[in-house]
1. Just check segment 87-142 against the gyration tensor rule for me: Cα atoms, a ≥ b ≥ c as the square roots of the eigenvalues, rounded for a/c under 1.5, and otherwise prolate or oblate depending on whether a/b exceeds b/c.
2. At a Cα cut-off below 23 Å, give the lysines reachable from LYS259, other chains included and same-chain residues fewer than 8 away excluded.
3. So what's the angle, to the nearest 10 degrees on a 0 to 90 scale, between helix 187-198 and the longest Cα principal axis of the chain?
4. Report relative contact order for the chain in percent, whole number only (criteria: Cα-Cα under 8 Å, sequence separation at least 6).
5. At 7 Å along the Cα-to-beta-carbon direction for both THR128 and ALA38, put a label point, then send me their distance in nm to one decimal.
6. Suppose the chain between ASN261 and ARG184 were pulled fully straight at 0.36 nm per residue; how much longer would it get relative to their current alpha carbon spacing?
7. Go ahead and run the numbers for FRET between LYS10 and ASP76, Cβ-Cβ distance against an R0 of 25 Å, rounding to 0.05.
8. Once the other residues with Cβ under 10 Å from the Cβ of TRP232 are scored (Lys, Arg +1; Asp, Glu -1), what is the net sum?
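FYI, it's all coordinate maths here, none of it is from the lab. All values reported here derive from a predicted model rather than from experimental measurement. So basically every Cβ, Gly included, is an ideal-geometry build from the backbone, and we count neighbours across all protein chains shown.
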Amino acid sequence: MRALLLVNPKATSTHRRTRDVLIRALGATMDLTVEETAYRGHATALAGTAHAKGFDAVAVLGGDGTINETVNGLLDGQPGVDASGRPALVVIPGGSANVFARALGLPNNAVEATGAVLEALREGRRRTIGLGQAIWHDEVSGPDGGAGAGSDHTRSRYFTFCAGLGYDAEVVRAVEGLRSAGLRAMPALYVNTAVRHFFVTDRTRPALRLRRPNRPDEDGIFMAIVSNTAPWTYAGARPINPTPWAGFDTGLDLLGLRKLNLPTVLGFVRQIIGERSALPRGKRLVQLHDEDEFTLLATRPVAFQLDGDYLGEHEWVVFRAIPDALQVLV
């Protein structure tokens with residue numbers, strides 16, 4: 001098997017010596033070409049040429065951001081091709097949360113995950129998974145054909161585990177700012193930022209409205225979590241599970257909050273921490289499961305994140321489920 005290994009040298013939880021050991025282990029079992037990512041979007045560009053260069057698989061040693069870039073490169077590099085025609089994805093967690101790798105059942109340790117991947121390679125184990133897709137516009141326009149719709153300003157990006165508009169995306173934005181100042185992306189950083197940001201965010205004017213085909217709109221939503229799998233994220237070893245029924249083999253799930261006061265949020269948080277299979281309950285929740293497509297619209301620009309990557313403020317985002325999009329060695 002010919003494989004391209006994309007290494008993020010700035011990955012949070014690995015260092016040079018560990019990366020060298022893992023590269024040697026992988027190189028002993030496959031024809032391996034190694035590339036280090038040098039800038040944002042570099043993994044997308046490299047993965048986009050993998051099929052044309054004859055690679056059977058693309059491996060990633062990095063965090064969720066690098067994996068997301070790689071996935072987008074694989075799909076954009078072969079538009080219209082099904083999963084069996086694309087290079088397979090190999091995931092080796094090297095970030096702080098590693099949500100996608102853990103959702104696949106891989107150990108949250110680069111060395112142990114490499115062992116699991118090599119075992120899957122020996123046994124020929126592959127899993128075909130679905131992805132989510134988000135479509136938005138960089139300028140103010142309507143999703144149903146308003147000014148600028150369909151122009152070059154329309155953006156599309158795939159996601160592996162989650163997206164969000166509102167409060168959670170505001171927290172991601174704040175954490176990115178702290179990381180650029182030199183702080184490490186540890187669980188405590190996210191928790192502390194979320195707590196601090198709760199008291200400064202707008203908790204009086206809900207901006208979001210949910211639109212689905214042939215259904216009445218649902219408005220008055222403060223924040224919306226869109227999930228392609230469960231859990232949504234982790235706080236250290238603890239899974240955070242607002243959409244426990246989400247999975248790689250189903251459509252997209254959504255959870256929205258219609259109230260953002262302290263009692264509602266604390267009650268919600270208590271329900272979503274841990275390995276839960278029951279849906280959160282509450283009158284202030286908006287919930288969807290196994291949806292093919294829906295749109296979130298906003299009365300003002302709202303923060304938007306995708307797989308933990310902040311993507312600016314937008315007034316509408318269309319979400320679509322893309323079934324059987326990618327093969328993963330796992």
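1. Numbers: a/c = 3.77, a/b = 2.05, b/c = 1.84.
Prolate, because a/c is 1.5 or more and a/b exceeds b/c.
2. LYS283
3. That helix lies at roughly 20 degrees to the long axis.
4. It rounds to 21 percent for the chain.
5. A separation of 3.8 nm, rounded to one decimal place.
6. The span from ASN261 to ARG184 would gain 24.8 nm if fully extended.
7. On the way: r = 23 Å, r/R0 = 0.94.
My answer for the efficiency is 0.60.
8. Working: positive: none; negative: ASP168, ASP253.
Net of charged neighbours comes to -2.
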